[in-house]
1. Of the conditions (1) closer than 19 Å to L147 by Cα; (2) surrounded by 15 or more Cβ atoms within 10 Å (Cβ to Cβ); (3) under 25 Å from the mean Cα position of the chain (by Cα), N184 satisfies every one except a single condition; which number is it?
2. Considering every residue within segment 220-232, establish whether at least one is under 19 Å from the mean Cα position of the chain (by Cα), assigned by TED's automatic domain parsing to the domain that holds Y149 and in contact (Cβ under 8 Å) with a residue 60 or more places away in the chain.
3. Run down K180, K217, K139 and say which single residue is of a type in the set (K, R), farther than 15 Å from I240 by Cβ and touching a residue at least 12 places away in the same chain (Cβ under 8 Å).
Amino acid sequence: MHPYISADTKFNIFSKYKYHHFLKPNYNGNQYGGIYYTRGSNTFDMRIDNNDNNDNDKKTTIFIGNRKQKVCLIGTIENYDEVLLQSFGYYKECSISENLERKTGVINMMNAFIDFLKDKFPNIKKIILQDYSSFECSKETKIQTYLYYLLKYGSSYYEKIHGFQLKNELKKNEHLDNIKKTRNIKLKNIPEFIEFIQKNDIYKKINMEVLNKFIIKINNFNTINDFINNIKFNDEECKILNYLLEYLKQKYNIQSLHSAEYEKNIQI
């Protein structure tokens with residue numbers, strides 16, 4: 001399991017979104033790309049598409065991906081000084097070597113993107129995004145990144161890993177309130193948690209031996225922070241973990257900030 005997969009995208013790029021043409025081997029449109037940027041041990045192919053077919057729809061789009069239909073980054077410039085990061089996700093094929101590291105690779109990719117913006121679009125002062133991110137705890141279980149990072153680090157994913165800040169003041173206050181609510185949550189009331197999952201259909205699919213071992217692991221830790229930071233979850237345990245997070249969310253009235261808008265200033 002790793003926390004750096006955030007490949008859920010706001011758009012279905014291969015059917016409803018126009019930039020699938022970047023992936024076509026013989027694309028001959030108004031594209032100016034193939035600019036390589038390196039950060040750390042990773043090199044990324046930055047491509048630019050200038051959509052000026054319609055005076056009312058002039059956009060510049062920056063793309064990182066490859067011919068194997070791996071869409072790693074899509075950023076669109078519509079305003080003079082901002083870029084909207086529409087898609088940002090991890091695949092090992094995102095780098096030229098097609099061997100991007102999970103833990104450091106997405107950081108290198110974001111920093112290479114920022115370097116590219118500073119060089120080619122010096123007027124851009126800010127990156128805007130909506131956080132729809134989740135990670136694959138197992139092949140069958142995706143977990144929303146915000147809640148996981150909140151309970152593990154007392155932070156959001158884009159805040160901790162990439163230095164973004166929540167854009168909306170109300171959301172900032174909700175986030176601060178969430179941090180207060182979840183700081184050092186004690187792992188107790190296990191029977192209450194078991195009762196919680198018994199009310200859901202997943203209980204019928206859970207291996208009871210796995211559940212019992214999961215509960216034993218919980219009892220070895222004092223706080224949720226210690227538990228998440230010290231346990232590597234297998235496929236079956238990921239299902240239970242997802243319900244543990246939902247249980248804690250409801251019990252402590254944690255506000256969902258999934259899809260909240262973030263911003264990052266990039267020019268000094």
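The values are calculated or read from the model by the stated rules, or taken from the named source; none is laboratory data. Worth saying up front: this structure is predicted, and the values here are computed from it rather than measured. Positions of Cβ are backbone-derived with ideal geometry, glycine not excepted, and every protein chain shown enters the neighbour counts.
1. If we test N184 against (1) closer than 19 Å to L147 by Cα; (2) surrounded by 15 or more Cβ atoms within 10 Å (Cβ to Cβ); (3) under 25 Å from the mean Cα position of the chain (by Cα), just (2) comes out false.
2. The answer is yes, given that some residue of segment 220-232 is under 19 Å from the mean Cα position of the chain (by Cα), assigned by TED's automatic domain parsing to the domain that holds Y149 and in contact (Cβ under 8 Å) with a residue 60 or more places away in the chain.
3. Working: K180 fails: touching a residue at least 12 places away in the same chain (Cβ under 8 Å); K217 fails: farther than 15 Å from I240 by Cβ.
K139 is the lone residue from the list that is of a type in the set (K, R), farther than 15 Å from I240 by Cβ and touching a residue at least 12 places away in the same chain (Cβ under 8 Å).
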